[in-house]
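All remarks here apply to the structure that follows.
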Amino acid sequence: MPASFLDAVWLVPLLPATSAWLMLLVGRRLSRPAISWLCCGTVFGSFLISVGIFRELLRLPEAQRLKEVVLFTWVPSMPMLTELKTAATFRVEWGYLVDPLSAVMILVVTGVGFLIHVYSVGYMAHEGGYYRYFGYLNLFMFMMLTLVLANTFLLMFVGWEGVGLCSYLLIGFWFLKKSAADAGKKAFVVNRVGDAGFLLGVLLVATTFGSLRFVDVNAALATGQFMAGTPAIVAITLCLFIGATGKSAQLPLYVWLPDAMEGPTPVSALIHAATMVTAGVYMVARANGLYQLAPQTLLVVGTVGALTAIYAASMGMVQNDIKRVLAYSTISQLGYMFLACGMGAFAAGIFHLSTHAYFKALLFLGSGAVIHALAGEQDIRKMGGLWGRLPITAKTFFIAALAIAGIPPLAGFFSKDEILWRTFANDVGHPLSVPMILWGVGTATALMTAFYMFRLVSLTFWGQPRMSPEVEHHVHEAPRTMTVPLVILTGLSIVGGWVGIPAVLGGGNRFEHFLAPVFAPRVELAAGEHSHALEFVLMLLAVVVGLLGIVLAYFSYLKRPEIPGQLVRRFSELYRLVYNKYYVDEIYSRVFVEGPVLGKAMGSGLAGFDLRVVDGLGVDGSAWLTRFTSRLSIWWDTWIVDGAVNLLAWGVWVLNWPTRALQTGQVQRYALWMAAGVALLLFYYVQRYILGS
């Protein structure tokens with residue numbers, strides 16, 4: 001028996017893995033109540049152990065809050081030479097690392113994951129493949145827990161790939177529905193692009209440090225052998241971040257996440273709130289020692305995060321599918337987390353990851369309750385007037401919307417404000433304008449977030465009903481298995497941020513202090529000199545911006561509902577561009593899926609796709625892209641594909657010229673060369689042994 005909860009950490013991923021294995025082996029023979037109790041119970045057991053681990057960790061002195069539990073040797077010892085020309089013994093063990101960062105993550109994953117499991121019991125009650133659904137769901141939990149508890153980069157990669165596989169299985173759960181099957185494949189393929197970068201980063205870590213253990217890498221960094229900006233460190237961090245852009249849906253690999261809405265709504269909640277999309281943020285935070293020594297990469301991380309945040313928010317403002325609005329919201333909020341990490345505020349990024357898990361899970365599960373009540377309807381233009389019909393769902397959804405809009409004293413206010421403040425006050429060696437610009441982008445995104453969230457609330461719950469009479473007649477509140485998780489998540493959305501109350505409001509930011517040992521600075525970063533008064537003013541400005549977004553949405557969609565239509569008509573080209581998601585999916589499809597860059601003919605070009613990216617030059621976008629890709633294809637085939645083969649053939653032709661001159665295939669010429677050879681030998685013999693003597 002384990003002596004403590006810390007020693008029993010291996011049970012946290014093992015429990016959901018066991019139930020997943022049972023579901024896939026004998027689940028078909030089990031009753032639905034048995035499946036529900038088994039699968040929900042194992043996740044709840046993991047949550048209880050996680051709570052025990054967290055409490056034991058709190059009782060330890062700050063310097064001792066790290067424990068590594070090794071189960072077995074995975075890759076046996078082998079000698080290798082590192083990039084520093086030092087000998088090392090490379091070995092990989094399968095083990096779990098418990099520290100403040102992993103403790104926070106397992107609490108979020110198992111806690112929110114358990115509530116989503118309970119909600120699924122009611123949501124999936126009448127669906128086929130019940131055992132298969134819960135088997136995939138528990139397998140997802142196992143893989144995510146393996147990812148966040150891994151003691152090495154290689155074991156993290158196992159969990160990384162595992163959550164990718166599970167997302168494919170769950171997004172495409174309704175595999176007879178073509179859009180769901182396609183969405184699952186899209187998520188799988190796009191993530192493979194990012195995963196290639198992640199794997200390359202792992203290999204670079206191995207060759208640079210001679211080990212893949214996080215403890216060993218951090219120890220090597222602490223010796224001072226590596227300076228800030230070391231090319232090897234910059235290369236590693238950039239490769240790892242490529243993986244993060246895929247898994248956490250950042251530019252340019254975000255396109256899979258909106259389509260992931262084709263899966264069951266609890267799956268969307270699990271992916272968006274507690275598991276897959278947070279993996280990239282967690283990985284960057286876990287590798288913070290490397291990123292602190294790569295200021296160039298940190299600038300890339302922060303810039304990509306800020307651009308993704310405002311870019312996704314712009315699309316969320318015009319979408320009409322209730323789940324897609326929330327999907328773009330997730331992409332935007334993940335951008336905030338990467339903005340924090342890029343500014344060196346890793347604790348703030350993880351803080352927002354935690355609070356976001358609460359209110360985003362609540363928003364998705366609330367949307368599922370709405371869809372359940374409206375017999376599958378997801379278009380917010382066909383909703384309205386549900387405040388009194390769905391009282392629990394409406395009120396909990398409203399609180400979650402306030403939380404994500406950053407209204408105090410809800411959870412989102414504290415975490416989002418911490419990111420904006422750390423961005424504004426950051427000087428990490430960049431020109432002053434860079435943090436200021438990123439802060440401005442983050443503040444504008446906060447305004448847009450409040451607007452599109454209360455556009456969603458206004459059109460869904462307020463105003464007059466716009467659904468058909470048949471649907472309206474059957475509107476009803478969700479069962480208790482669905483509403484109880486909503487109420488619990490509402491409580492977390494209210495108080496979940498209180499652990500990070502900043503000093504300017506009289507708090508001690510206990511969350512940041514708890515994570516401090518994990519994010520100990522490797523290099524001394526410049527810190528801006530700013531007063532508490534300035535911090536308070538910026539905090540107040542953030543609240544005003546959020547309230548302004550709420551008022552604008554309320555006024556535009558309830559008081560003066562004709563205004564959105566007038567704006568759409570006035571800015572029709574811009575609206576069409578944003579509504580069609582900037583045509584990025586169409587461009588990717590034509591260039592990478594159907595396009596000639598992969599060796600396929602363009603055929604009729606971009607039929608039905610009017611891309612107006614260069615209309616300002618008087619050129620039709622689709623025709624221009626067709627000509628460009630066709631010429632690029634011809635050049636690629638001629639000079640790269642055929643050119644490489646022809647170059648190889650030419651080299652062989654030059655090198656074998658002497659042999660080719662002799663090997664003509666003519667028998668008489670072979671006889672002549674044989675006679676000449678015999679004559680030469682006879683001449684040599686006569687000269688050497690007869691005349692010479």
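Among the residues of segment 171-188, what is the count of those that are in contact (Cβ under 8 Å) with a residue 24 or more places away in the chain, farther than 14 Å from P264 by Cβ and open to solvent by 60 Å² or more (accessible area, probe 1.4 Å)? Even if it seems obvious, please write down each step before you answer.
The initial filter retains those residues of segment 171-188 that are in contact (Cβ under 8 Å) with a residue 24 or more places away in the chain, namely 171-174, 177, 179-180, 182-184, 186-188.
Checking the rest, the ones that are also farther than 14 Å from P264 by Cβ come to 182, 186-188.
Of the ones still in play, those that are also open to solvent by 60 Å² or more (accessible area, probe 1.4 Å) are 188.
Matching residues across segment 171-188 total 1.
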Report summary line: Scanning segment 263-322 residue by residue, those of a type in the set (S, T, N, Q) and either closer than 25 Å to Y358 by Cβ or open to solvent by 10 Å² or more (accessible area, probe 1.4 Å) (or both) turn out to be T265, S268, T275, T278, N288, Q292, Q296, T303, T308, S314, Q319, N320
Report task. Six or more apart or on different chains, Cβ under 7 Å: which pairs go from a residue in segment 13-28 that's outside any helix (DSSP H, G or I) to one that's surrounded by 24 or more Cβ atoms within 10 Å (Cβ to Cβ) and of a type outside the set (A, V, I, L, M, F, W, C)? Could you list them? Result -> none
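Working carefully through the options F461, F397, F413, F451, find the one that is of a type in the set (F, W, Y), closer than 22 Å to G500 by Cβ and modelled with pLDDT of 95 or more.
On the way: F461 fails: closer than 22 Å to G500 by Cβ; F397 fails: closer than 22 Å to G500 by Cβ; F451 fails: closer than 22 Å to G500 by Cβ.
The match here is F413.
Of all residues in segment 189-215 being of a type outside the set (A, V, I, L, M) and within 23 Å of F519 (Cβ to Cβ), which is surrounded by the fewest Cβ atoms within 10 Å (Cβ to Cβ)?
Looking only at segment 189-215, we keep the residues that are of a type outside the set (A, V, I, L, M), and these are 191-192, 194-195, 197-198, 201, 207-211, 213-214.
Checking the rest, the ones that are also within 23 Å of F519 (Cβ to Cβ) come to 198, 201, 208-209, 211, 213-214.
On the way: F198: 26, G201: 25, T208: 20, F209: 27, S211: 22, R213: 23, F214: 24.
Checked segment 189-215; the qualifying residue surrounded by the fewest Cβ atoms within 10 Å (Cβ to Cβ) is T208.
On the given criteria, is V325 within 18 Å of A425 (Cβ to Cβ) and either open to solvent by less than 10 Å² (accessible area, probe 1.4 Å) or without any contact (Cβ under 8 Å) to a residue 12 or more places away in the chain (or both)? Before you say what the answer is, go through the steps one by one.
On the way: within 18 Å of A425 (Cβ to Cβ): no; either open to solvent by less than 10 Å² (accessible area, probe 1.4 Å) or without any contact (Cβ under 8 Å) to a residue 12 or more places away in the chain (or both): yes.
No; evaluated as a whole, the condition is false for this residue.
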Query raised in the report: Is it the case that some residue within segment 483-503 is surrounded by fewer than 20 Cβ atoms within 10 Å (Cβ to Cβ) and more than 30 Å from A348 (Cβ to Cβ)?
Result: yes
Query - Selected residue (only one of G344, G349 is assigned to a loop (DSSP other than H, G, I, E, B) and among the small types (G, A, S)) - result: G344
Query raised in the report: When only residues in segment 231-281 that are part of a loop (DSSP other than H, G, I, E, B) and among the aliphatic types (A, V, I, L, M) count, which is farthest from N138 (Cα to Cα)?
Result: L251
Report task. Give segment 530-556 a look and list any residue that's without any contact (Cβ under 8 Å) to a residue 40 or more places away in the chain and open to solvent by 70 Å² or more (accessible area, probe 1.4 Å), or say none. Result -> H532, F536, V537, L540, V544, V551, F555
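Residues checked against (1) within 24 Å of M482 (Cα to Cα); (2) surrounded by 23 or more Cβ atoms within 10 Å (Cβ to Cβ):
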| site | (1), (2) |
| --- | --- |
| L24 | no, no |
| R32 | yes, no |
| V43 | yes, yes |
| P79 | no, no |
| A88 | no, no |
| E93 | no, no |
| A103 | no, yes |
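Quick check on my filter: what residues within segment 359-394 are touching a residue at least 24 places away in the same chain (Cβ under 8 Å) and open to solvent by 40 Å² or more (accessible area, probe 1.4 Å)?
Initially, segment 359-394 is screened for residues touching a residue at least 24 places away in the same chain (Cβ under 8 Å), giving 359-375, 377-387, 389-394.
Correct list: H372, A375, E377, Q378, R381, K382, W387, R389, P391, I392.
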Report task. Could you tell me whether M141 is surrounded by 24 or more Cβ atoms within 10 Å (Cβ to Cβ) and out of contact with any Gly (no Cβ under 8 Å at 6 or more places or on another chain)? Result -> no
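Is it fair to say G344 is surrounded by 24 or more Cβ atoms within 10 Å (Cβ to Cβ) and at pLDDT 95 or above?
Working: surrounded by 24 or more Cβ atoms within 10 Å (Cβ to Cβ): yes; at pLDDT 95 or above: no.
Spelling it out, it is not the case that G344 is surrounded by 24 or more Cβ atoms within 10 Å (Cβ to Cβ) and at pLDDT 95 or above.
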Query raised in the report: Do we have any residue at all in segment 150-170 that's free of Cβ contacts under 8 Å to residues at least 24 places away in the same chain, buried (at least 24 other Cβ atoms within 10 Å of the Cβ) and in a helix (DSSP H, G or I)?
Result: no
**Report entry** Failed condition for A228, given (1) out of contact with any Pro (no Cβ under 7 Å at 6 or more places or on another chain); (2) open to solvent by 30 Å² or more (accessible area, probe 1.4 Å); (3) outside any helix (DSSP H, G or I); (4) in contact (Cβ under 8 Å) with a residue 60 or more places away in the chain
**Finding:** (1)
Report task. Report, ordered by the first and then the second residue, all pairs with beta carbons closer than 6 Å, sequence separation of six or more or different chains, a first member in segment 243-254 that is of a type in the set (S, T, N, Q), and a second member that is in a helix (DSSP H, G or I). Result -> T245/G194; S248/V277; S248/G280; S248/V281; S248/L334; Q250/V304; Q250/T308
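The values are calculated or read from the model by the stated rules, or taken from the named source; none is laboratory data. Keep in mind that what you see is a predicted model, and the values were worked out from it rather than measured. We place every Cβ from the backbone using ideal geometry, glycine too, and count neighbours over all the protein chains shown. These area figures cover heavy atoms from the full protein model, side chains too; ligands, DNA and RNA do not enter into them. Shrake-Rupley method; radii C 1.70, N 1.55, O 1.52, S 1.80 Å.
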